[in-house]
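The values are calculated or read from the model by the stated rules, or taken from the named source; none is laboratory data. No experiment lies behind these values; they were computed from the predicted model shown. Neighbour counts are summed over all protein chains in view; Cβ atoms, including those assigned to glycine, are modelled from backbone coordinates with ideal geometry.
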Amino acid sequence: MNFFAKLKEKLAERYTNFKASMQERADRKLARKSNAEAKEPGRFKKWLLRVGAFAKRRPSAFAAIIVAIIVVFLFGTYEALHLTSTPQFCGQCHVETQTGPGAEFHTWQKNVHSFAEVGCIDCHGRPGFFGYMRAKIGGMYDLYGEIFHSKEHKMEILTKGATDLEYAKKLVPNDYCVICHSDSENQRIRGETMMSFFGVEMRKVDGVKNPEFRQANGLLDIYNDEMPNISFSHDMHVNSVGLSCLDCHSGVAHGGEFKNKPKMETCFACHDERRKENADIIAPANEECASCHKSVVALHDGTLLLEEGEEPTPPSMMVDMGVYGAENCSSCHADAFDKPTAATCGTNCHGEMDYSFMFDEIRANFDAVKKPLDILNTELYKASNKMTAEQKAKFNEFKKYYDVLVNDNSKGIHNDIIYTKAGEKAMAVGSELANSLGIPVPAGE
Ligand code: HEC
Ligand code: HEC
Ligand code: HEC
Ligand code: HEC
Ligand code: HEC
Ligand code: HEC
Ligand code: HEC
C-alpha cells in the first residue's frame with residue numbers, strides 16, 4: 001500500500017479514537033465537579049506541584065531540562081521542515097514516470113536544474129523566509145488534497161499547471177526565476193525581502209547572491225549579457241513588451257528535456273501579429289534567418305570560438321560553391337521549418353552526382369565525437385557539488401565548448417571544422433578536470 005493511503009487509514013482511526021477520548025474527558029469533568037468539595041488536588045495539579053518542588057530543589061538541573069526540551073523542539077521542527085522540502089519528499093505524491101501531469105519529480109530529475117541542485121521549492125515559492133514558510137503552508141494543502149480529494153481532482157489541478165499558460169504564469173511568476181538569472185533583479189529582491197531567519201537558510205534560492213552564484217554556475221545575466229545562440233534581448237521582451245518567462249520557457253523544468261529551448265513558432269506568432277498592427281517594428285521578418293540565428297551565422301563564417309590571432313575557419317567543403325554564408329540559408333533550408341536531409345541535400349545541391357554519403361559521414365562522425373562528451377558531461381554534473389572554485393571554473397569552460405555541439409542541431413553540417421575543434425577542446429578540458437576528481441574518462445571511438 002502506498003504511504004499516503006496508509007496515512008489516510010491511520011487518520012480515520014485516530015479520529016475515531018479522538019472522539020472516544022473526548023467523551024471520556026467530558027465524563028471525567030463531570031465526575032471531578034462532584035469531587036470538588038473533597039478539595040483533593042487533580043492529577044495535573046499534583047504533577048505541577050511535584051515539578052515545582054523539583055525546580056526549587058535542583059534549579060540548575062531544571063533549567064537544563066527546559067533548555068534541552070526547547071532545543072529538541074526547535075531542531076525537530078527545523079529537521080522536519082528540511083525533510084519535507086526535499087524533492088524526494090515531493091516525489092512521494094508526484095509519482096508519474098511519463099512526461100506530463102503528476103510526473104514533475106521524474107521530469108525534474110532529467111532537467112539541468114536538478115543537475116545544478118536547484119530543488120522544487122527553489123522555484124515553487126517566493127524567495128525569502130516568508131516565501132519559504134508560505135510554500136510550506138501550501139504543502140499542507142497538498143497533503144490535505146492528497147487525503148481528501150479524489151485522484152481525478154489531483155490530476156485536473158496538475159494538468160492545469162502543465163497546459164494552461166496563464167495559470168502557470170501565476171503559479172511561477174518571473175521573480176522566482178530572475179533572482180537567480182539576473183544580477184540587478186537579484187539585488188532588488190534581496191533588498192526588498194527578508195532572506196533568512198537568524199541567518200538560517202532553508203533552501204538554495206535564499207542563499208543566492210549575484211553575480212557570484214551566476215558566475216560560479218557559468219550562467220549569463222539575462223538582462224545584460226548577449227545570448228549564446230540567438231540574437232535576443234530579454235530586457236526589451238520582458239520589461240518593454242511585458243512577457244513572462246514562461247511565454248517562451250514553459251516546461252523549463254518539466255518538459256522532459258535536459259535543457260529547454262524556446263520555440264521559433266512563439267517568436268513568429270507574435271512578430272507576425274505585431275507587424276500587422278505596425279509595419280515599422282524592428283522585429284526581424286521570418287525569412288531573415290541571420291538576424292536571429294547568430295551562432296549558425298558564426299559557424300558559416302568560421303568565427304565561432306575564434307581566439308585572438310586565429311584565422312576564421314569556414315566549413316571545409318562547398319564554401320566556394322556559394323552554399324554557405326549568412327544570406328544563403330535557403331540553399332539548404334526551403335523555409336524556416338524545413339530540416340534538410342541527405343536526400344534533399346543530395347538532389348538540391350549536388351545535381352547529378354549523389355553526395356549524400358558525405359552528409360551521412362559528417363553526421364556519423366559528429367555523433368562519435370559527441371557521445372563520450374555526453375557521458376563526461378553527466379558525470380561532471382554529478383560531481384559538481386564537491387568541486388572547488390577552480391574546478392568549477394574548469395567545468396564552466398568545458399560546458400562552453402560542449403554547448404557548441406549541443407546547440408548545433410545540424411550535427412556538424414553547418415561547419416565540420418568547428419565542431420571537431422570544439423569537441424577536442426571540450427575533451428581536453430573535461431578529462432583534465434575528470435582526472436583531478438577521480439572520475440574515469442569515457443573513451444572515444
Ligand atoms: C501528500 C502528497 C503530496 C506531497 C508530499 C506533495 N504534493 Fe504537491 N500536490 C499534491 C496534490 C494532491 C496536489 C493537487 C492539489 C489539490 O488537490 O488541490 C498537488 C499540487 C501541487 C502543485 C500545483 C498547485 C496548484 O495550485 O496548481 C504544486 C506546484 C506542487 N504540488 C508542488 C509540490 C512540491 C514542491 C512538493 C514538495 C515540497 C509537493 N508538491 C509535495 C500532493 C502532494
Ligand atoms: C526551474 C524551476 C522549477 C523547478 C526546479 C521545479 N519546478 Fe515545478 N514548475 C515550474 C514551472 C515553470 C511550472 C509551470 C508549468 C511548466 O512550465 O511546466 C511548474 C509546474 C509544476 C506543477 C504543476 C503541474 C505541472 O505538471 O505543470 C507541479 C505539481 C510542480 N511543478 C511540481 C514540482 C516538483 C515536485 C518539483 C521538484 C521535484 C519541481 N516542480 C521543480 C518550475 C520548476
Ligand atoms: C535557485 C536558482 C535558480 C532558479 C530559481 C531558476 N534557475 Fe534556471 N538555472 C539555474 C542554474 C544553476 C542553471 C544551470 C546552469 C548550468 O549548469 O548549466 C539554470 C539553467 C537554466 C536554463 C538553461 C540555461 C542554459 O544554459 O541553457 C534556463 C533556460 C533557465 N535556467 C530558466 C529558468 C526559469 C525560466 C526559471 C523560473 C521558472 C528558473 N530558471 C529558475 C538556477 C536557477
Ligand atoms: C520571447 C521569448 C523569451 C522570453 C519571454 C524569455 N526568454 Fe529566456 N531565452 C530566450 C531565448 C531566445 C534565449 C537564447 C537561447 C540561446 O541563445 O541559446 C533565452 C535564454 C535564456 C537563458 C539561458 C542563458 C544562458 O546562460 O545561456 C536563461 C537562463 C533564460 N533565458 C531565462 C529567462 C528568464 C528568467 C525569463 C523571464 C524573466 C526569460 N528567459 C524570458 C527567449 C525568451
Ligand atoms: C509577444 C510578442 C513577442 C514575442 C513572443 C517575441 N517578440 Fe521579438 N519583438 C517583439 C516586438 C514588439 C519587437 C519590436 C519592438 C520595437 O520595434 O520597438 C521585437 C523585436 C525583436 C528583435 C529586434 C530587436 C533588437 O533588439 O534588435 C529581435 C531580434 C527579436 N524580437 C527576437 C525575438 C525572438 C528570437 C523571439 C522568440 C524566442 C521573439 N523575439 C519573441 C515582440 C515579441
Ligand atoms: C525571430 C527570430 C528567428 C528567425 C527570423 C528565424 N529563426 Fe529559426 N529559430 C529561432 C529560435 C528562437 C529557434 C529555437 C531555438 C534554437 O533552436 O536555438 C529557432 C529554431 C529553428 C530551427 C529548428 C526548429 C525546430 O523545429 O526544431 C530551424 C531549422 C530554424 N530555426 C531555421 C531557420 C531558418 C532557415 C530561418 C530563415 C528562413 C529562421 N530559422 C528564421 C528564431 C528565429
Ligand atoms: C549546407 C546546407 C545547410 C545550410 C547552407 C544551412 N543549413 Fe541549417 N541545417 C542543415 C542541416 C542538414 C540541418 C539538420 C537538420 C536536422 O536533421 O534536424 C540543419 C539544421 C539547422 C538548425 C537546427 C535545427 C534543429 O533541429 O534545431 C538551424 C537552427 C539551422 N539549420 C539554421 C540555419 C541557418 C540560420 C542557416 C543560414 C545562416 C543555415 N541553417 C544554413 C543544413 C544547412
Practice item. Run Val205 past the list (1) modelled with pLDDT under 95; (2) near ligand 4 (Cβ under 9 Å from one of its atoms); (3) surrounded by 17 or more Cβ atoms within 10 Å (Cβ to Cβ) and report the number of the one that doesn't hold. Key: (2)
Revision key, fill the gap. Given the conditions (1) free of Cβ contacts under 8 Å to residues at least 60 places away in the same chain; (2) touching a Cys at 6+ places or on another chain (Cβ under 8 Å); (3) not hydroxyl-bearing (Ser, Thr, Tyr), every one holds for His113 apart from (1)
Exercise for review: Tally the residues that are assigned to a loop (DSSP other than H, G, I, E, B) and small (Gly, Ala, Ser), restricting the search to region 393-421.
Suggested key: 2
Review point. Being closer than 16 Å to Asn377 by Cα and under 26 Å from the mean Cα position of the chain (by Cα), is that true of even one residue in region 408-421?
Key: no
Exercise for review: Report yes if some residue within region 346-354 is of a type outside the set (Gly, Ala, Ser), surrounded by fewer than 17 Cβ atoms within 10 Å (Cβ to Cβ), at pLDDT 90 or above and assigned by TED's automatic domain parsing to the domain that holds Thr303; otherwise report no.
Suggested key: no
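Residues checked against (1) within 19 Å of Phe89 (Cα to Cα); (2) part of a loop (DSSP other than H, G, I, E, B):
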residue: Phe105; (1), (2): yes, no
residue: Ser114; (1), (2): yes, no
residue: Glu117; (1), (2): yes, yes
residue: Met133; (1), (2): yes, no
residue: Tyr144; (1), (2): yes, no
residue: Met155; (1), (2): yes, no
residue: Ala162; (1), (2): no, no
residue: Lys170; (1), (2): no, no
residue: Pro173; (1), (2): no, yes
Check your understanding: Can you tell me how many residues in region 317-329 are modelled with pLDDT under 85 and within 16 Å of ligand 6 (Cβ to nearest atom)?
Key -> 6
Exercise for review: Check every one of the helices (runs of 4 or more DSSP H) wholly within region 1-88 and list those with 3 or more residues that are at pLDDT 80 or above.
Suggested key: 43-57, 59-83
Practice item. Could you tell me whether Gly218 is within 16 Å of ligand 1 (Cβ to nearest atom) and modelled with pLDDT under 95? Key: no
Exercise for review: Identify the single condition in (1) under 30 Å from Phe232 (Cβ atoms); (2) at pLDDT 90 or above that Pro314 does not satisfy, given that it satisfies every other one.
Suggested key: (2)
Check your understanding: Does Cys270 satisfy being more than 16 Å from ligand 3 (Cβ to nearest atom), at pLDDT 95 or above, more than 19 Å from Leu165 (Cα to Cα) and surrounded by 14 or more Cβ atoms within 10 Å (Cβ to Cβ)?
Key -> no
Exercise for review: Kindly check whether there is at least one residue in region 197-204 that is among the charged types (D, E, K, R) and without any contact (Cβ under 8 Å) to a residue 40 or more places away in the chain.
Suggested key: yes
**Study point:** Spans of helices (runs of 4 or more DSSP H) in region 208-311 with at least 1 residues more than 14 Å from ligand 4 (Cβ to nearest atom)
**Key:** 212-216, 264-277, 289-292, 294-301
Review point. When both residues are 6+ apart or on different chains and their Cβ atoms are under 6 Å apart, which pairs have a first residue that lies in region 140-168 and is of a type in the set (A, V, I, L, M, F, W, C), and a second that is away from ligand 3 (no atom under 16 Å from the Cβ) and outside any helix (DSSP H, G or I)?
Key: Met155/Pro101; Leu158/Pro101; Leu158/Gly102; Ala162/Pro101
